[in-house]
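Down below is the structure, laid out as structure tokens.
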Amino acid sequence: MADDLIRYDVLVQESLRGVVRKVLKEVAESGLPGDHHFYIAFDTGAPGVRISSRLREQYPEEMTVVMQHQFWELSVTEHAFEVGLSFGGVPERLLVPFSSIKGFFDPSVQFGLQFEPHETDEAKEGSSADIAATPAPAAMQDDAPGGAPDHVAEEAADVDERPDGAEVVSLDAFRKKT
């Protein structure tokens, strides 16, 4: 197979992160519309992530936050979002680069995206990007009676776990075979 020098997989991932950026920017300006709310899973060890040492100790690899009723001072830039949330009654300020996001899910409309981690050039050999625009893993779903708590930080499910019926499109399926 020929080398993908254009890196379509990276371009698609960046475009889908742009969807998350646009949605959060609109929420920062106008608030959450209707019943929309978000579960956002991110890599806590990724470059640029800023969380308290208490949260980093509790979630050394990954955490999921819920933006629903009580969050404050959401600001969105080209590369990251910053938001105030409460964890166990303690207010915290998080800075999350879009490149660190592993999953985004809006349970009100069953819309979800899962992202592959950024790869180095050496790791791109044989790589594929999976894009899920279907229900997110069970750990990110809002199936608790009365909805999920306003703010949750929990280990997100392994990105390879997908509920029955979820369709995952592998970009390798569209690559020209030689």
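A few comments on the model shown:
- In segment 2-31, the qualifying residues are those that are surrounded by 10 or more Cβ atoms within 10 Å (Cβ to Cβ) and in a loop (DSSP other than H, G, I, E, B), and the one that is modelled with the highest pLDDT is R7.
- Only one entry in V83, V65, V90 is surrounded by fewer than 20 Cβ atoms within 10 Å (Cβ to Cβ) and either at pLDDT below 95 or not small (G, A, S) (or both), namely V90.
- Applying a threshold of 9 Å to beta carbon distances and a minimum spacing of six or more residues, or different chains, the list of pairs starting in segment 2-31 at a residue that is hydroxyl-bearing (S, T, Y) and ending at one that is part of a loop (DSSP other than H, G, I, E, B) and buried (at least 16 other Cβ atoms within 10 Å of the Cβ) reads Y8/A129.
- Hits in segment 36-57 (condition: loosely packed, with under 12 Cβ neighbours inside 10 Å and either touching a strand residue (DSSP E or B) at 6+ places or on another chain (Cβ under 9 Å) or at positive phi (or both)): P47
- Residue tally, condition over 18 Å from the mean Cα position of the chain (by Cα) and either closer than 22 Å to D43 by Cβ or free of Cβ contacts under 8 Å to residues at least 40 places away in the same chain (or both), over segment 62-85: 2
- For segment 106-127, the candidate set comprises residues that are under 14 Å from L11 (Cβ atoms) and in a loop (DSSP other than H, G, I, E, B); within that set, the residue that is modelled with the highest pLDDT is F115.
- The residue that is nearest to V65 (Cα to Cα), among those in segment 1-39 that are in contact with a helix residue (DSSP H, G or I) (Cβ under 7 Å, 6 or more places away or on another chain) and of a type in the set (S, T, Y), is Y39.
- Within segment 87-105, the only residue that satisfies the criterion of being part of a strand (DSSP E or B), of a type outside the set (A, V, I, L, M, F, W, C) and over 22 Å from R21 (Cβ atoms) is P91.
- Taken across segment 36-44, residues that are in a loop (DSSP other than H, G, I, E, B) and free of Cβ contacts under 8 Å to residues at least 60 places away in the same chain do occur, with at least one present.
The values are calculated or read from the model by the stated rules, or taken from the named source; none is laboratory data. Remember, predicted model here, so these are calculated numbers, not experimental data. Ideal geometry is used to build each Cβ from the backbone, glycine not excepted, and the neighbour counts take in all protein chains shown.
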